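Novice: This is the structure, below, for whatever I ask next.
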Amino acid sequence: MQNGETAYRDWILYSNSKNALFCFYCLLFGGHKTSFEDQSRGFINWKNCYKQVGDHEKSSSHVKSIQTWHFRISNNGQSRIDNIVQKQISDSLSYWKNVLYRIVETLKFLTSRSLEIRGSNETLGSVHNGNYLGCLELIAKFDPFISQHLIKYGNKGRGNVSYISSTICTEFIMVMGEAVIKEIVSQIQSRKYFSIIVDSTPDITKIDQLTIAIRYVMSDGFPIERFIGFLPSVGHKGEGLEKAIINKFSELNINIENCRGQAYDNASNMSGMHNGLQSRIKLCAPTAEFIPCSAHSFNLVGSNAAESTSFGNDKQTINIKKLSTTRWSSRYDVCKALYLGYNRIKNALEDIIKDQIQKQETHNEASSILNKLDSLDFAFMICLWTPILKRFNATSVTLQSTNIDLSTVTKLYKS
């Protein structure tokens with residue numbers, strides 16, 4: 001257009017064989033007075049294309065052809081020769097839209113609550129068909145539409161369109177996930193500046209994967225964190241981690257130069273001044289200041305403090321709750337269990353020692369643990385460490401909250 005905008009002219013048809021333009025409406029209803037209406041030739045005057053396309057679009061014959069077209073398709077398509085077919089198409093579209101609406105809402109409900117979707121089978125009516133089919137069966141009890149759909153299309157097997165199979169579930173979840181990521185990226189681009197949080201974590205198969213989260217401030221001034229995905233294991237070297245992150249950001253169309261902060265743990269491959277991930281990211285974004293993870297730093301303080309006592313080793317033989325070797329703050333649960341259940345634990349150990357059915361190895365282990373429980377050192381350390389770790393754990397949890405700021409972190413450290 002003359003003002004620089006681009007206009008979409010859906011009336012223009014292009015012929016590859018004739019290398020010419022035609023007017024869709026005028027081909028059907030025009031008087032073949034212009035080249036746009038001439039079926040044998042078409043418009044080929046490319047040098048004056050811009051002007052003549054505009055002139056034709058404003059011509060009275062073109063406007064009349066458009067009016068004729070819209071009159072023919074009005075009145076619910078009754079003037080069309082294929083009106084019955086069009087009604088069938090319209091009814092089919094409406095039907096499947098209603099099906100998809102219920103299916104998508106069901107999947108949104110399950111995925112937003114991190115509930116399992118599949119069961120051990122995909123058979124309607126089975127108690128083992130999973131939450132997805134189970135929810136659809138529940139909805140069907142109150143919704144005649146979905147009830148009829150399940151009766152008509154349920155348990156048909158492969159090759160039958162029903163939109164209730166595990167395959168379509170996976171596709172819908174992928175589409176919804178892409179939509180969520182697209183919205184997050186749009187927010188990041190609108191806010192421009194952001195910080196990144198990166199860590200590696202093993203999946204259910206014990207294989208490491210890279211976790212990436214982005215932190216940015218919304219227009220109301222409230223900071224938020226958004227998870228943007230897992231990356232397959234790229235090793236533990238700073239160079240490999242950097243390439244994986246740069247490639248991911250490039251894929252999402254996020255400009256790494258707008259990164260203003262980095263937060264990782266204190267491992268040398270992450271925090272190293274020369275070859276660590278933080279130094280490599282700084283080469284791409286010089287203003288991306290690195291701040292070690294507050295919770296991880298706090299955890300190291302607790303771990304090193306505990307190493308100066310014998311308490312850390314004594315505890316390892318009485319895991320009433322699972323003992324974390326990396327997060328000292330979570331050891332509060334272990335101490336709390338011992339502190340509150342001291343007498344019951346002793347009674348249980350005494351019962352094991354008296355039980356003749358138990359193996360000799362079990363008797364010996366229970367006796368060893370009981371001797372440690374009876375020691376004054378152990379009882380004293382449990383009473384000392386339980387309140388300390390209670391506060392330690394509460395502080396650690398607060399340090400990991402998404403809306404915390406640096407001034408609050410400083411106050412927590414000092415406390």
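The values are calculated or read from the model by the stated rules, or taken from the named source; none is laboratory data. Here the structure is a predicted model, which is why all the values come from computation and not from measurement. When we count neighbours, we look across all protein chains shown, and the Cβ atoms used for this are built from the backbone with ideal geometry, even at glycine. What goes into the accessible areas is simple: the full protein's heavy atoms, side chains included, and nothing from ligands, DNA or RNA. Shrake-Rupley method; radii C 1.70, N 1.55, O 1.52, S 1.80 Å.
Novice: Between Ile357, Ile246, Ile254, which gets the highest mean-square fluctuation from a Gaussian network model of the chain, Cα cutoff 10 Å?
Specialist: In this elastic network of the chain, the residue with the biggest mean-square fluctuation among Ile357, Ile246, Ile254 is Ile357.
Novice: Only helical DSSP H runs with n ≥ 4 go in: add -39500 (n - 2.57) per run for the chain, normalise by residue count and round the 222 nm mean residue ellipticity to 500 deg cm²/dmol.
Specialist: On the way: 17 runs with 220 residues, N = 415.
Counting only the DSSP helices, I get -17000 deg cm²/dmol.
Novice: So if we plug the beta-carbon distance of Ile168 and Gln209 into 1/(1 + (r/R0)^6) with R0 = 35 Å, what FRET efficiency do we get, rounded to 0.05? Intermediate results must be reported in sequence, preceding the final value.
Specialist: Details: r = 26 Å, r/R0 = 0.75.
With a Förster radius of 35 Å, E is 0.85.
Novice: Give the lysines reachable from Lys359 as a straight Cα distance under 22 Å; neighbours fewer than 8 places away on the same chain don't count.
Specialist: Here the lysines satisfying the reach criterion relative to Lys359 are Lys346, Lys372.
Novice: Give me the extension gain from Gln356 to Asn304: residue separation times 0.36 nm, minus the current Cα-Cα distance, reported in nm with one decimal. Show your work: numbers first, answer last.
Specialist: Details: separation 52, 0.36 × 52 = 18.72 nm, distance 4.23 nm.
Value of the extension gain: 14.5 nm.
Novice: Gain in length, Ser401 to Ser279, computed as 0.36 nm per residue apart minus the alpha-carbon separation, to one decimal in nm?
Specialist: Values: separation 122, 0.36 × 122 = 43.92 nm, distance 2.58 nm.
Once the chain is fully extended between Ser401 and Ser279, it gains 41.3 nm.
Novice: Could you sort Thr106, Thr68 by accessible area so the largest value comes first, with the probe set to 1.4 Å?
Specialist: Numbers: Thr106 5, Thr68 45 Å².
Descending accessible area places them as Thr68, Thr106.
Novice: Can you figure out the FRET efficiency of Ser90 with Tyr193, using R₀ = 45 Å and their beta-carbon distance, to the nearest 0.05? All intermediate terms of the calculation are to be shown ahead of the outcome.
Specialist: Details: r = 48 Å, r/R0 = 1.07.
Given R0 = 45 Å and the Cβ-Cβ separation, E is 0.40.
Novice: Take the Cβ-Cβ distance between Asp82 and Arg158 as r, set R0 to 22 Å, and report the resulting FRET efficiency rounded to the nearest 0.05.
Specialist: Working: r = 33 Å, r/R0 = 1.49.
Between Asp82 and Arg158 the formula returns 0.10.
Novice: So which residue, out of Ile103, Ile204, Ile188, gets the largest mean-square fluctuation from a GNM of the chain using Cα contacts under 10 Å as springs?
Specialist: Among Ile103, Ile204, Ile188, the largest mean-square fluctuation in the Gaussian network model of the chain belongs to Ile204.
Novice: OK, next. For the chain, set up a GNM with springs between Cα atoms under 10 Å and report which of Thr34, Thr167, Thr386 has the largest fluctuation.
Specialist: Thr34
Novice: Between Asn16 and Ala179, what length comes free when the chain is fully extended (0.36 nm per residue of separation minus the Cα-Cα distance, one decimal in nm)?
Specialist: Numbers: separation 163, 0.36 × 163 = 58.68 nm, distance 3.65 nm.
The Asn16-Ala179 span can extend by a further 55.0 nm.
Novice: I would also like to ask the following. Once the mean 1/r over all distinct Cα pairs of segment 170-271 is inverted, what Kirkwood radius in angstroms do you read off? Working shown, then result.
Specialist: Details: mean 1/r = 0.0686 Å⁻¹.
Here the Kirkwood hydrodynamic radius works out to 14.6 Å.
Novice: Whole angstrom only: what separates the Cα centroid of segment 340-392 from the Cα centroid of segment 54-71?
Specialist: Going from one Cα centre to the other spans 92 Å.
Novice: To the nearest 20 debye, what charge dipole does segment 177-318 have about its Cα centre, counting +1 at the Cβ of each Lys and Arg and -1 at the Cβ of each Asp and Glu?
Specialist: On the way: 13 positive and 15 negative charges, 57 e Å.
Rounded to the nearest 20 debye, it is 280 debye.
Novice: Can I ask one more? Give me the percent of the accessible area of the chain that comes from carbon and sulfur atoms, probe 1.4 Å, all protein chains in place. Spell out each step's value before the answer.
Specialist: Working: 14430 of 26630 Å².
Result for the chain: 54 percent of the exposed heavy-atom area is carbon or sulfur.
Novice: List the aspartates and glutamates whose alpha-carbon lies under 14 Å from that of Lys243, not counting same-chain residues fewer than 8 positions away?
Specialist: Glu251
Novice: Then there is this: So which lysines can Lys47 reach, going by Cα to Cα under 21 Å and dropping same-chain residues fewer than 8 places off?
Specialist: Lys18, Lys33, Lys58
Novice: A follow-up question, please. Nearest 10 degrees, 0 to 90: what angle lies between the long axis of helix 144-153 and the longest principal axis of the chain (Cα atoms)?
Specialist: 90
Novice: Would you mind getting the accessible area per residue of the chain, heavy atoms of the protein chains only, 1.4 Å probe, in Å²?
Specialist: On the way: 26630 Å² over 415 residues.
Ligands and nucleic acids excluded, the result is 64 Å² per residue.
Novice: What percentages, rounded to whole numbers, describe P(r) for the chain computed over all alpha carbon pairs with 20 Å bin width beginning at zero?
Specialist: 17, 29, 35, 12, 6, 1
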